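The values are calculated or read from the model by the stated rules, or taken from the named source; none is laboratory data. As the structure is a prediction and not an experimental result, all values here were calculated from the model. For neighbour counting, all protein chains shown are included, and Cβ atoms are generated from backbone atoms with ideal geometry for every residue, glycine included. Remember, those area values only see protein heavy atoms, side chains included, never the ligands or the DNA or RNA. Shrake-Rupley method; radii C 1.70, N 1.55, O 1.52, S 1.80 Å.
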Amino acid sequence: MNKKIAEAFKNGKAFIPFVTCGDPSLEVTEEIVYAMDEAGADLIELGIPFSDPTAEGPVIQAANVRALSGGVTTDKIFNMVVKIREKTDVPMVFMTYANVVFSYGTEKFISRAVEIGVDGIILPDVPFEEKSEFDEVCKKYGIDFISLIAPTSHERISTIAADASGFVYCVSSLGVTGVRSNITTDIGAMVSLVKKAKNVPCAVGFGISTPEQAKKMAAQSDGVIVGSAIVKLCAQYGKECVPHIKEYVKSMKEAIS
């Protein structure tokens, strides 16, 4: 397990915000990362945009379109991370899709990610049964390939958890990413199954947007992941979004502390 990811879960409950790289621009994304770090984020998910992000709802899909229309590429994102690493050592993971990694060249992508200081990778469209072609390369370079479990995983949860590294991403709701008014999944039961299989941190994502929801989810897990609510702020405020995101992340971190 990557030491920096492990450290993200050592200071109580971890708050993990997500941002789509290049929305509204890579310069603003860089500033967002610094603001999130200063506001108390324990680990940051950097979304590499893709033309067909199957796990995403309309909010993050629209962000992907905006970023790609603005000319964002994987190499430009890598260069941004190099700049970020000159100023902060906050743990960071890439969240993207198998096709992005595969078309870049899996080994080339993973080795470059490690070289620039990225600590993990999440590929939501890669099922457990097909993870080995990516995971073997990740293990070779010492980067965590983060596993996801969904409410429908049931008997597979133990199998997925036993092979997990970094942390387990517990998907709180069926369907795609997006803000939910109510989360009904028994997160406690999911986390308990994971912990029986392996002592690995569990962070809950999909649908969390308010401090109240974050507090409730954090009480049953090791951390909370928030994406759509932050991406909405990017859409709403554009280049002026940074202070709004900083304030939001601060309120969410305080809610779970």
* Considering the Cα trace of the range 1-143, what is its radius of gyration and what is Dmax, both in angstroms? -> 14.4, 39
* Efficiency of FRET from Cβ geometry, ALA189 and LYS139, R₀ 51 Å, rounded to 0.05 -> 0.95
* Give, in nm to one decimal, the length gained when the segment between LYS3 and GLU115 is fully stretched (0.36 nm per residue of separation minus the Cα-Cα distance). => 38.8 nm
* Tell me, what is the per residue accessible area of the chain in Å², probe radius 1.4 Å? -> 41 Å²
* Structure fact -> Expected vector for the range 28-33, Karplus 3J(HN,Hα) from phi with 6.51, -1.76, 1.60 and θ = phi - 60°, integer Hz, x for Gly and Pro, equals 5, 4, 4, 5, 4, 4
* Asked: If you take all C-alpha pairs in the range 89-176, what percent of them are over 19 Å apart?
  -> 36 percent
* Between (i) 25; (ii) 21; (iii) 31, which matches percent of Cα pairs over 29 Å apart calculated for the structure shown? -> (ii)
* Structure fact -> Placing +1 on each Lys and Arg Cβ and -1 on each Asp and Glu Cβ in the range 31-72, then taking the dipole about the Cα centre, the residue among ILE44, ILE32, THR54 whose Cα reaches farthest towards the positive end is THR54
* Structure fact -> Long-range amide H partners of LEU43, meaning residues 5 or more apart or on another chain whose placed amide H is closer than 5 Å, are PHE15
* Derived scalar couplings ³J(HN,Hα) [the range 194-207; Karplus, 6.51 cos²θ - 1.76 cosθ + 1.60; whole Hz; x for Gly, Pro] -> 4, 5, 5, 7, 6, 7, 10, x, 10, 10, 9, x, 6, x
* To do: Take the solvent-accessible surface of the protein heavy atoms, probe 1.4 Å, and return the percent of it on the chain that carbon and sulfur atoms account for.
  => 52 percent
* In straight Cα distance, which lysines are under 16 Å from LYS139, not counting same-chain residues fewer than 8 positions off? -> LYS3, LYS4, LYS108, LYS131
* Taking the Cβ of LEU193 as the centre, find all other residues whose Cβ is under 13 Å away and add up their charges (Lys, Arg: +1; Asp, Glu: -1). => +2
* To do: Please identify, among GLY205, GLY57, GLY166, the residue showing maximal mean-square fluctuation in a Gaussian network model of the chain using a 10 angstrom Cα cutoff.
  => GLY57
* Length-normalised contact order for the chain - Cα pairs under 8 Å, 6+ apart - percent -> 26 percent
* Structure fact -> Counting all Cα-Cα pairs in the range 1-47, those more than 13 Å apart amount in percent to 56 percent
